[in-house]
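What follows is one structure encoded as structure tokens, with my remarks underneath.
Derivation of every value follows stated rules applied to the coordinates shown; laboratory data play no part. If you're wondering where the values come from, they're calculated on a predicted model, not measured in any experiment. Using ideal geometry, Cβ is built from the backbone for each residue, glycine included, and neighbour counts are taken over all protein chains shown.
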Amino acid sequence: MRQALAAFEPTGRVLELAAGTGWWTAELAKYANHLTAVDASVEVLELNRERLGTAAPSVEYVQGDIFAWQTSQPYDVVFFSFWLSHVPPERFAPFWDTVRAALKPGGRVFLIDSLRSETSRAHDNALPEPEKIVATRRLNDGREFDIIKIFYQPETLAADLATIGWNVKVETTENYFLFGVGQPA
């Protein structure tokens, strides 16, 4: 995935949605002139800051609901990883409208997510049936939560995006992941 991201060259002003604990923020910071990391959780943004430390002074952290957050400054790149599979179907098109609104003319998007695979899940978390979009996640403390988890097939995702005005090439790695590169049509 790092090689695909490097080939993509996420330079300029970069927006990372659902930034989480900073795995990809650290990679994006190597390329971006300015990086905005948005997440709904204050706690994970703090973990993100700690992961990056002082090595990435150009990162701006924003706590916000990704479905409601809007920017007044357009970006060259919008990036998100392991987020799209958690977007409910009724919010799919509005989410992509948010991405479009955040991009400068000619701006690009890069996404990463999970492929459906029996061998990629935690041993105590069942994989939902292929037609189901809700999965149960068990935390280390034993609590369980139902979450949205949609495993996209590359061709289906690309076609769904084309239907709402996006040109995204979706590929897979040998195991476990899919990634997409594109822009508004």
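Under a 5 Å amide H cut-off, with hydrogens placed 1.01 Å from N, Trp166 pairs with Ala185 among residues at least 5 apart or on other chains. If you take the alpha carbon atoms of the chain and fit the smallest convex hull around them, that volume is 123 Å³ per residue.
Summary value for the chain: 18 percent relative contact order, contacts being C-alpha pairs under 8 angstrom separated by 6+ residues.
Amide H contacts for Tyr75 (H built 1.01 Å from N in the peptide plane; partners 5 or more residues away or on another chain; cut-off under 5 Å): Leu103, Lys104. Each Lys and Arg adds +1 at its Cβ and each Asp and Glu adds -1 at its Cβ; summed about the Cα centre, the chain shows a dipole of about 360 debye.
Need one number: % antiparallel among DSSP beta bridges in the chain, to the nearest 5. Please report the intermediate quantities before stating the final value.
On the way: 18 of 39 bridges.
The answer is about 45 percent antiparallel.
Summed over qualifying helices (DSSP H, 4 residues or more, each -39500 (n - 2.57)) and divided by its residue number, the chain shows a 222 nm mean residue ellipticity of -7000 deg cm²/dmol.
Just checking the listed ones, Phe110, Phe145, Phe95: in the Gaussian network model of the chain with Cα springs under 10 Å, the one fluctuating most is Phe145.
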